[in-house]
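The values are calculated or read from the model by the stated rules, or taken from the named source; none is laboratory data. As the structure is a computational prediction, the values presented were derived from the model and not from experiment. Cβ placement follows ideal geometry from the backbone for every residue including glycine, while neighbour counts extend to all protein chains displayed.
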Amino acid sequence: MPELPEVEVTRRRIEPLLVGRRIRRLETTGQSYFFLTQPARLKRRLKGRTVECLERVGKYLVLLLDDGGRLVIHLGMTGQLFGAGASSLRLLSATARAALTPEQQQSFRPDAHTHLRFRFDDDGPAVFLRDVRKFGKVLWLAPGEAHPRLERLGVDALSVTGDLLFGASRKRDTAVKSFLLDQSIVAGIGNIYADEALHLAKLRPTRRARRLTRAECEKLAEALRGVLERSIETGGSSIRDYVTPDGSDGGFQDERRVYARKGEPCCTCGTAVRRIVVGQRSTHYCASCQR
DNA sequence: ACCGCACCCTGAGCGC
DNA sequence: TGCGCTCAGGGTGCGG
């Protein structure tokens with residue numbers, strides 16, 4: 001689900017539900033590779049801590065704690081971070097949904113996929129982290145502790161420049177699409193926004209990165225920043241699992257130009273959008289607009 | 001240094 | 001109704 005815009009919208013909207021609140025206790029599911037820090041250790045480290053601020057780095061959320069420790073969260077493909085008041089069918093599997101009355105579907109009840117539940121001293125709304133596929137990650141870092149997951153990240157996609165893309169791509173003998181998904185170059189771009197930006201910049205996703213001209217890199221950087229900012233404005237893309245922290249859908253799925261629009265007409269020229277596979281990821285483009 | 005691939009996991013949707 | 005298949009917005013680690 002979540003790429004930079006979805007993570008940023010989540011950050012902004014979950015902030016009031018986290019910052020300034022003291023964690024009374026954390027409840028978790030059992031050990032799995034979702035937990036880079038063991039659940040028992042996580043509970044000990046977070047108990048009694050107050051969240052001082054909430055930051056985003058690429059697709060990661062970082063909670064700064066009052067003892068200088070940090071809680072790092074990655075939402076993976078299906079991660080959902082939301083408050084107790086959230087109501088959305090996206091928070092239920094189809095089978096679970098079928099077993100519930102419409103009234104019951106309104107209030108979220110933690111299920112087997114709800115890996116974190118934050119309870120606070122103020123007895124206000126709890127905060128949940130749900131992740132069906134468990135591709136997400138949680139990790140606690142001691143004060144000052146570094147971690148390769150964060151260290152490796154390149155420049156944040158919202159401030160990408162043409163110069164940076166041009167410089168970084170010179171020796172890259174790979175498709176520009178794959179290049180954009182490399183988080184160590186630019187952090188925050190995922191499959192949706194890579195396809196969308198390449199369409200805006202009129203670049204074929206299979207173009208070798210090293211063959212891009214300076215002007216094309218400039219156009220691509222502009223397209224990336226534009227599409228990411230626009231998606232944040234509209235609340236992100238709710239295509240499958242993504243919901244904002246209050247349970248509402250984002251709006252950017254209605255503004256997609258190519259992503260998951262195979263066979264539908266290109267918004268600029270009417271040619272049917274094609275779907276191919278590039279670097280094991282589904283890729284959508286207009287063969288007429290993108291050369 | 002870089003590239004492509006396998007893999008981690010669960011659920012939805014499809015054809016038969 | 002159920003089975004088996006494909007697909008899904010992410011990232012790491014491996015061998016070549």
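Among the listed residues A:112, A:157, identify the single one that is within 11 Å of DNA strand B (Cβ to nearest atom) and in contact (Cβ under 8 Å) with a residue 60 or more places away in the chain.
Numbers: A:157 fails: within 11 Å of DNA strand B (Cβ to nearest atom).
Unique residue meeting the criteria: A:112.
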Screening A:225, A:214, A:240, A:210 for residues that are within 15 Å of the chain's Cα centre (by Cα) and surrounded by fewer than 17 Cβ atoms within 10 Å (Cβ to Cβ) leaves only A:240
Only one of A:198, A:220, A:224, A:203 is in a loop (DSSP other than H, G, I, E, B) and more than 13 Å from DNA strand C (Cβ to nearest atom), namely A:203
I'd like to know if region A:148-167 contains one or more residues that are closer than 21 Å to residue A:31 by Cα, in contact with a Gly (Cβ under 7 Å, 6 or more places away or on another chain) and at pLDDT 95 or above. no
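Can you pull out every residue in region A:102-151 that is within 14 Å of residue A:92 (Cα to Cα) and in a loop (DSSP other than H, G, I, E, B)? Let's see the steps before the verdict.
We begin by selecting, within region A:102-151, every residue within 14 Å of residue A:92 (Cα to Cα); these are A:102-114, A:128-133.
Correct list: A:107, A:108, A:109, A:110, A:111, A:112, A:113, A:132, A:133.
Please work out which residue is modelled with the lowest pLDDT, limiting yourself to region A:1-34 and to residues that are touching a Leu at 6+ places or on another chain (Cβ under 7 Å) and within 16 Å of DNA strand C (Cβ to nearest atom). Give the steps one after another, and end with the answer.
First, the residues of region A:1-34 that are touching a Leu at 6+ places or on another chain (Cβ under 7 Å): A:1-2, A:4-5, A:7, A:10-11, A:14-15, A:18-19, A:23, A:26, A:28.
Next, only the ones that are within 16 Å of DNA strand C (Cβ to nearest atom) stay: A:1-2, A:4-5, A:7, A:10-11, A:14.
Numbers: A:1: 58, A:2: 93, A:4: 97, A:5: 97, A:7: 97, A:10: 98, A:11: 98, A:14: 98.
Filtering first and then ranking leaves A:1.
What strands (runs of 3 or more DSSP E), lying completely within region A:1-91, carry at least 1 residues that are on the phi < 0 side of the Ramachandran plot and touching a Cys at 6+ places or on another chain (Cβ under 8 Å)? Give the steps one after another, and end with the answer.
On the way: elements: A:23-28, A:51-57, A:60-65, A:70-74, A:79-83.
The strands (runs of 3 or more DSSP E) meeting that bar are A:60-65.
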